[in-house]
Each structure stands twice: as structure tokens, then as C-alpha cells.
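Okay, so here's the structure we're looking at.
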């Protein structure tokens, strides 16, 4: 990305929550920012990388990104780290100890929860980490607050020498609003001060830090009681008072404009006295929070009567369509008329890969194998579970394909001794958390064939760079990992490592069939780039010569979205078996000429676009 154009002080800009956080990071004088791509958090690092004066990097995983940011904070610089909710699971090992050491420079960790599961494998609530690690949690409810709370988070972090979690959700990250912004304030950097008792967390030193952590938490709770981030809004209808935080506040305010609301921007530690005073002003108290009942449980533990997940769902966004009927039932009122927008009836569009995606040939080939279990991973290639391939049997988390494959091998039933075990993983995911799994397979002599799909991009999140692309976060040249040498260094024997072109189906199929028969670890590395990155070179498109098409439908099994079935016909073969013929066309405007569909085409009916002007006998001969 190009550097941003400076704007005057106190400018009003239309910004998403991610952009607003990034702006505030720059204005706060941050020196170091790190992260790993993951929707809905990705844009924060992308935007930060365009600001001057900040060192920004895509780290190999979230744990490393937090450690980089923490190192900068130890040195006295302000630092920032961003990740999606499942990324905090990876980073938590570091988090749970740095909460004991504290920080010198301000450290803010932006964690973006995917409420509603728009692009994630689970819907966890990252507010738990504040309770677990005894660190403060701030929850903005719109873009302006995302900006304001980020500024406040750095001030809070430095004042209490503690990492601060900025908890966002998809609704905050991607929705835009007008934000009033300022200018950057440079911060002096004190430098690293050696203090073994603080920074070296052996058991003896950690034990001495525990009382300090609990004492700090008490001071933070007192701060939350008076924080300007926690706001009481009075209302004329006191039958129900709402305690809420984050974007759920917007839903409450839209649904019940006359109700009193306690809006918790500084939600951890919870300000119990403030809640108690607010509860005394309402007939009933309801907690509206996404998604787990954290605040509700803590309020109940204080002996305060409150409703929450007994009337509201524990998953998804708490929109007015959810809130209004729930409160009506609580009050014994008739259910309100809820305005819903009926979804448009459109042609079904199941998730699929891009035209000419190098993963298409991989899954087409896997679909031809028999007696195989395929362990998958997180990335574009996760879509291999669907039609027309049906060639992925398990997927849970980043890098898990390796360990699952080994477990499938070691735990197989006696009746499955001949079953082949294949693991599929992408380049960035392999570097993120897959290398250790492959090492475990080698060390424990697993009988697993690994397909390492190197498409030179973090594809699913938008094509970001990683150590396998040869470029840094700004697109600058960087060292590029040689995956062949890397897997050999992890112990895979040289003769069991193959680099193949995924567009060459016969070679891919032969290699995969050969290696899956070998009783030892093997790795097949594909070597074609994602079609959406600059490394990809499109070729001349193809079309179907309708006069030659027999309806065999083999090309449809590739799964390329540029191929469309135009008509279906059922015919009876001489054997008496009924078959369905699928006649197709290719959208030449979308086709990039990868040639995958040519290879299974029985009648050779797929030809370059320019050949369709020739006589049919010439086309067929060619």
C-alpha cells in the first residue's frame, strides 16, 4: 500500500473500526506493530503499514506477533498487536506470563471476535482473556469509540504498566462511521532497563510478581468505577435497565431509546459499585452481551438480581429483532411486530475456489483416490470439503492437519490398515503452526502423505505476504523460504519430497498415488501462485467447441467456476444403464487459460478461443 496522505488536525474522516484503530495507533506514537492476517482483524496491520514512523510486520503467527510487540514494550516503546479471536488462543502462552511482568511502554492487543461466525471456525468470547490474565478489557461500540478507546488504552497501559486488550467484533471492524481524528504525538523511549526479577519469569520470580498483579487488578477496578469510558444514560422508562458493552449497546439503544443504560466501555475489571447504583434505579436489570454471560455471572455473584442469557441467545448478534421479543416476553407484553427483510431468491452460490485456482487440480486428484482419509487445514483449500470434490474429511484449527493425520494413522482400526492418510496444508499455515506437526510425524514415524500447497500468499485473507512469498509487508524483497529444503531439514527423506505443478494432473496423480503407498512420511509441494497475486501470469482463455462436446461432464468435476452446465440430458446406454449428460460452456472472460479442464475432457472439445473461428475438422485435428 502507498503511504497515507497527511490530514489536518481534528479532521473528520469516514473510517471502519479497523481503520480508526490504526489511525489511533499511529497518533499514539507507537513504534512497533505486529500481527498475523485473520478476518475480521486483517485490515488493522494493512492500514498501519501505510503510516510513517511505525515498524510494521506480518509475523509467522499470533504468538510471535505478541512477543515482538512485548519486546518493544520492554524497551520502553509503545507497541501494538492485532489478531482475530482464535489467534489469541495461539498467543495466550505469552500473554499469561507478560501479565505478571507488566510492560514499560504501552502495549495494546486488539482482538477481533467473529460474532455470528461470518468467517471463522468458532465463535469464542475474547473477554475471557481479560479475566484469565487479569488485564483490562476495553470495548468500543462504533468507529469513533474504536479510535478514542485505542488512545485511552495506551494511556491506561502505561499508567498501570499492563497490557490492555481492545476487544472488537466484526460489526465494529468492518462498519464505517465518521471519526474525528488528530495528529501523531511522538513519545520518548526510555530504553530497556535490566531487571532480572521482573523480566526473567522463573518460578521464584513469578511467585513474587503474583501479589503485585492482584494489587494492580484492585487498582484497575477502582479506575473502572470512575472511568469516563463507563457511561450511565438515564431514561424515562425504568421498567428495564440494560447493562451492555460493545456493539450490543447500539442494538439496545436502537431497540429501547427510552430505557436507562449502563454502557461499559471499560468492562474488565467490572465496576461493581457502579453496577449496584445503576441497578437501584431500575425495576429490572438485563445484561445484553455478545456472546457469553461474563458480565451477567459477575453481577449475579455480587448478589444483584439480573436477567441475561435466560432470555437471550448465547450465539450470534443481539439485534433488535432478537432483543424486542425477548424483553416483551420478560414484561409479559404482546410480542412486537418485528420487521424482517426476506432474503432474495437467487441462484444458490455454494462457496468455491477461484477460476484457475491451483488448488482445483489438487482436489480433483484427491477425489479420484479410493480408501483415503484426508485431514485438512485452515485456508482457501478448506473448501475442498464441498462439491464437486468432497475431498476433505476433517478441519479444526491452524496447523492441525499434521497432528490429526498422525493421530488418524496411529489410531486406525485393524480393518483400516490399508487406508491411506493424506494431510493438506497451505504455505502460510504450514509456517504458522504446521512445521511442528510435520516434525512430530517424522519423529514418530507416521505413515502420512502431506500435500503442502504453496500458492505464495495468505490467500483466504486477501493475499498477504509471508516468509514463503519473498516479500515483506510493504511488498519489499525479503528472504524466501525454500519449502523443499525446509521439509528435508525437518527429517523427511530427500526421495520422499516432490515438487509438482498442480496444473499437470497426470504428474500430480501419479506422484500422489505413488507416495500414498509408501510406509513413511512424504511431502508433495505444489508450486503455482494464487491467481489473485502479482506472481500469477494468465494465459489465453479457452472455450467449448459445442459441436465436439459429448456431455461427458468430466470438466465439471474440476470445480472451476468458469465452467457452466448449459443443459442436461438423460440417455440410455447400450448396457441399459441410464446416465446424465452435462453439456457445458466456459466463460472466456473469466478463464485464465490454466488448462486444467482440457486434461479430463474426453472428446477434446475445449479449445483456445481463437480456434473457434476455424473449421471443425481443423479444431479437432489441433
**OP:** Tell me, yes or no, whether the stretch 178-190 has at least one residue that is in the same structural domain as residue 102 (by TED's automatic domain parsing), part of a helix (DSSP H, G or I) and either in contact with a helix residue (DSSP H, G or I) (Cβ under 6 Å, 6 or more places away or on another chain) or under 30 Å from residue 86 (Cβ atoms) (or both).
**Re:** no
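Residue 316 - would you say it is touching a residue at least 60 places away in the same chain (Cβ under 8 Å), at positive phi and assigned by TED's automatic domain parsing to the domain that holds residue 502? Working first, answer last.
Working: touching a residue at least 60 places away in the same chain (Cβ under 8 Å): yes; at positive phi: yes; assigned by TED's automatic domain parsing to the domain that holds residue 502: no.
So residue 316 fails the test.
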Subject >> Of the criteria (1) closer than 30 Å to residue 119 by Cβ; (2) in the same structural domain as residue 291 (by TED's automatic domain parsing), which one residue 259 fails >> reply: (1)
Original post:
When you look at residue 63, is it surrounded by 24 or more Cβ atoms within 10 Å (Cβ to Cβ) and not assigned by TED's automatic domain parsing to the domain that holds residue 479, yes or no?
Top reply: no
**OP:** Test residue 513 against the criterion of being out of contact with any helix residue (DSSP H, G or I) (no Cβ under 7 Å at 6 or more places or on another chain), within 24 Å of residue 386 (Cβ to Cβ) and assigned by TED's automatic domain parsing to the domain that holds residue 494, and give yes or no.
**Re:** yes
**OP:** Report yes if some residue within the stretch 201-221 is in contact (Cβ under 8 Å) with a residue 24 or more places away in the chain and either not assigned by TED's automatic domain parsing to the domain that holds residue 70 or not in a helix (DSSP H, G or I) (or both); otherwise report no.
**Re:** yes
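Can you tell me which of 146, 94, 153 is surrounded by 24 or more Cβ atoms within 10 Å (Cβ to Cβ), touching a residue at least 12 places away in the same chain (Cβ under 8 Å) and closer than 20 Å to residue 31 by Cβ?
On the way: 146 fails: closer than 20 Å to residue 31 by Cβ; 94 fails: surrounded by 24 or more Cβ atoms within 10 Å (Cβ to Cβ).
It is 153.
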Subject >> Of all residues making up the stretch 284-309, the number that are over 30 Å from the mean Cα position of the chain (by Cα) and at pLDDT below 95 >> reply: 0
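Does residue 425 meet the test of being crowded, with 24+ Cβ neighbours inside 10 Å, within 25 Å of residue 353 (Cβ to Cβ) and over 26 Å from the mean Cα position of the chain (by Cα)?
Values: crowded, with 24+ Cβ neighbours inside 10 Å: yes; within 25 Å of residue 353 (Cβ to Cβ): yes; over 26 Å from the mean Cα position of the chain (by Cα): no.
For residue 425, the condition - crowded, with 24+ Cβ neighbours inside 10 Å, within 25 Å of residue 353 (Cβ to Cβ) and over 26 Å from the mean Cα position of the chain (by Cα) - is not met.
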Original post:
Does residue 547 satisfy the condition of being in a loop (DSSP other than H, G, I, E, B), under 25 Å from the mean Cα position of the chain (by Cα) and not assigned by TED's automatic domain parsing to the domain that holds residue 448?
Top reply: no
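Kindly indicate whether any position in the stretch 492-505 is assigned to a helix (DSSP H, G or I) and closer than 25 Å to residue 600 by Cβ. Quick ask: steps written out before the conclusion?
Taking the stretch 492-505 and keeping what is assigned to a helix (DSSP H, G or I), we get 494-496, 505.
Next, from what is left, pick out any that are closer than 25 Å to residue 600 by Cβ: 505.
Taking every residue of the stretch 492-505 in turn, at least one turns out to be assigned to a helix (DSSP H, G or I) and closer than 25 Å to residue 600 by Cβ.
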Original post:
Which residues, taken from the stretch 110-156, are in contact with a helix residue (DSSP H, G or I) (Cβ under 9 Å, 6 or more places away or on another chain) and at positive phi?
Top reply: 116, 134
Original post:
Are any residues in the stretch 351-378 surrounded by fewer than 24 Cβ atoms within 10 Å (Cβ to Cβ), touching a strand residue (DSSP E or B) at 6+ places or on another chain (Cβ under 8 Å) and not in a helix (DSSP H, G or I), and if so, which ones?
Top reply: 369, 371, 372, 373
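Being in contact (Cβ under 8 Å) with a residue 60 or more places away in the chain and surrounded by 24 or more Cβ atoms within 10 Å (Cβ to Cβ) is the requirement here; does residue 487 meet it? Working first, answer last.
On the way: in contact (Cβ under 8 Å) with a residue 60 or more places away in the chain: no; surrounded by 24 or more Cβ atoms within 10 Å (Cβ to Cβ): yes.
Here the answer is no, as residue 487 does not meet what is asked.
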Subject >> Long-range neighbours under 6 Å by Cβ, at least six apart or interchain, first residue outside any helix (DSSP H, G or I) within the stretch 430-448, second buried (at least 23 other Cβ atoms within 10 Å of the Cβ) and at pLDDT 95 or above >> reply: 446/406; 446/521; 448/405; 448/421; 448/423; 448/441; 448/521
Original post:
Looking at residue 107, is it surrounded by 24 or more Cβ atoms within 10 Å (Cβ to Cβ), touching a helix residue (DSSP H, G or I) at 6+ places or on another chain (Cβ under 9 Å) and over 27 Å from residue 217 (Cβ atoms)?
Top reply: no
**OP:** Say whether the condition of being in a loop (DSSP other than H, G, I, E, B) and under 14 Å from residue 527 (Cβ atoms) is met by at least one residue in the stretch 506-516.
**Re:** no
Original post:
Given the conditions (1) farther than 30 Å from residue 14 by Cβ; (2) part of a helix (DSSP H, G or I), and given that residue 148 satisfies all but one, which numbered condition is not satisfied?
Top reply: (1)
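Could you please find all residues in the stretch 224-245 being part of a loop (DSSP other than H, G, I, E, B) and farther than 20 Å from residue 167 by Cα? Steps first, answer last, please.
If we filter the stretch 224-245 for residues that are part of a loop (DSSP other than H, G, I, E, B), which is where we start, we get 227-229, 234-239, 245.
234, 235, 236, 237, 238, 239 - these are the residues of the stretch 224-245 that are part of a loop (DSSP other than H, G, I, E, B) and farther than 20 Å from residue 167 by Cα.
What's the total number of residues in the stretch 517-544 that are under 28 Å from residue 409 (Cβ atoms) and assigned to a loop (DSSP other than H, G, I, E, B)? Explain how you work it out, then say what you get.
Here is the first cut: in the stretch 517-544, the ones under 28 Å from residue 409 (Cβ atoms) are 517-527.
From what is left, the residues that are assigned to a loop (DSSP other than H, G, I, E, B) are 517-521, 527.
Qualifying residue count, the stretch 517-544: 6.
Checking the condition at pLDDT below 90 and outside any loop (DSSP other than H, G, I, E, B), which residue from 565, 584, 571 passes? Steps first, please.
On the way: 565 fails: at pLDDT below 90; 584 fails: at pLDDT below 90.
Exactly one residue qualifies, and that residue is 571.
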**OP:** Tell me which of these residue 408 doesn't satisfy, since it passes every other one: (1) over 18 Å from residue 353 (Cβ atoms); (2) surrounded by fewer than 20 Cβ atoms within 10 Å (Cβ to Cβ).
**Re:** (2)
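The values are calculated or read from the model by the stated rules, or taken from the named source; none is laboratory data. Computed from a prediction, not measured in an experiment: that's the story for all the values here. Virtual Cβ from ideal backbone geometry, glycine too; neighbours counted across all protein chains shown.
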